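Beneath this line is the structure, given in structure tokens, with notes to follow.
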Amino acid sequence: MTIPTLMDIELLVHGHSCLDVHIRHDDAPANDWQYRIQSMEINGGGMAANAAVAASRLGLRTGFSGRLGIDPFSQFQMDEFHQNGVNTELVVQQGYIPSLFLAMNHSKGQSEYSWYQMPHASMVSDALNCQPSLILLDGESFDVAIALIETARERDIPVILDACFLSDRRLALIPKFDMVIASHDFVREYMQSEDWHAGLRQLTQHCTKTIITLDSEGCIWHWQGEKGSMNCWPVECVDGLGAGDAFHGAFCTGLLRGYTLHENLRFASAAGALCCTREGTRAGLPDMPTIKRFMASHPEPVITPV
């Protein structure tokens, strides 16, 4: 894929990148401590990084900003960005930063997840020497997020928060964003309950354009006064990891391609659904022809006013 120049970027995604290792193994150990591995996939990962790759595969000129090391894990991630047409000129590479996410899937469908991220200093925060039309942040680096939001305000660039997991700092950032896409995990921690609509009401007090993704239950939203819900596209889920990242990348794509809200929700939901049909976070991220074929051959999710 062709990598856009820094000044041609339409979407800038800032946040975390790591190496994903997906292992499928037997249901029970062969002895007291060993599992037999049936299959293994290794690819780049991380919420922001996956969203950047998702948007690029859909034809959006995309750049990724974050911090990686000069270690082999980091170089693997850089190579995969470039193979997927993502600009990495704003990536800071320093030291040894082996961030790793390990997914272990039992053949009966049970999963275990572990991750490791080496502590490191804040990323460079004043390097927005480009003019994207949209910025997506995962809020991982608070100081960098604040600096990018302030620069975006000065340049009239809308900013979206990928609110996947709750933290005090990420919560404090919400009023500063133009749009928020929150996961059900975020809302569950935030509300200490699974009352998604109550969570939506709380979040929209701080941001009037908010979506909550609910995995197989679809999504709900409050978007400048309009409230609604939508079920999901029908697929057989093989692996749900990365579906939210696919949704975020596709939603950004739809925004910049002029889709209406309802068109964009169906489009982004289709990207998330297709991601679930393959094992591994990157394997299922679709391109535009794949999404269009899928949407044309399946019944549309129903949108219901709330």
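Taking a ≥ b ≥ c as the square roots of the Cα gyration tensor eigenvalues, with a/c under 1.5 meaning rounded and otherwise prolate when a/b beats b/c, else oblate, which class fits the stretch 179-277? Judged from the Cα gyration tensor, the stretch 179-277 comes out oblate (a/c at least 1.5, b/c at or above a/b).
Put a plus charge on the Cβ of each Lys and Arg, a minus charge on the Cβ of each Asp and Glu, and nothing anywhere else: the dipole of the chain about its Cα centre is then about 580 debye.
For the chain, which whole-number percentage of the solvent-accessible area (1.4 Å probe, protein heavy atoms only) is attributable to carbon and sulfur atoms? Roughly 51 percent of what the probe reaches on the chain is carbon or sulfur.
Rounded to the nearest 10 Å², what accessible area does K292 show when all protein chains are kept and the probe is 1.4 Å? My reading of the accessible area for K292 is about 130 Å².
What accessible area per residue, rounded to a whole number of Å², is obtained for the chain using a probe radius of 1.4 Å? On a per-residue basis, the chain sits at 45 Å².
What percent do you get for the relative contact order of the chain when only Cα pairs under 8 Å and 6+ apart count?
Values: 696 pairs, mean separation 51.9, N = 306.
With pairs under 8 Å counted, the relative contact order is 17 percent.
In this structure, the amide hydrogen of S65, modeled 1.01 Å from its nitrogen in the peptide plane, lies closer than 5 angstrom to those of V13, H14, G15, counting only residues at least 5 positions away or on a different chain. Rounded to the nearest 20, the Cβ-based charge dipole of the stretch 140-255 about its Cα centre (Lys and Arg +1, Asp and Glu -1) stands at 440 debye. By the Cβ distance rule (another cysteine Cβ under 4.7 Å), the unpaired cysteines of the chain are C18, C130, C164, C207, C219, C232, C252, C275. Here the 3J(HN,Hα) profile of the stretch 52-67, calculated from phi with Karplus coefficients 6.51, -1.76 and 1.60 at θ = phi - 60°, is 5, 5, 4, 5, 5, 5, 8, x, 7, 6, 10, x, 10, 10, x, 10 Hz, Gly and Pro shown as x.
The values are calculated or read from the model by the stated rules, or taken from the named source; none is laboratory data. Note that the structure is predicted; figures quoted are calculated from it, not measured. FYI the Cβ positions are ideal-geometry reconstructions off the backbone, even for glycines, and counts take in every protein chain you see. With ligands, DNA and RNA removed, areas are computed over all heavy atoms of the protein, side chains included. Shrake-Rupley method; radii C 1.70, N 1.55, O 1.52, S 1.80 Å.
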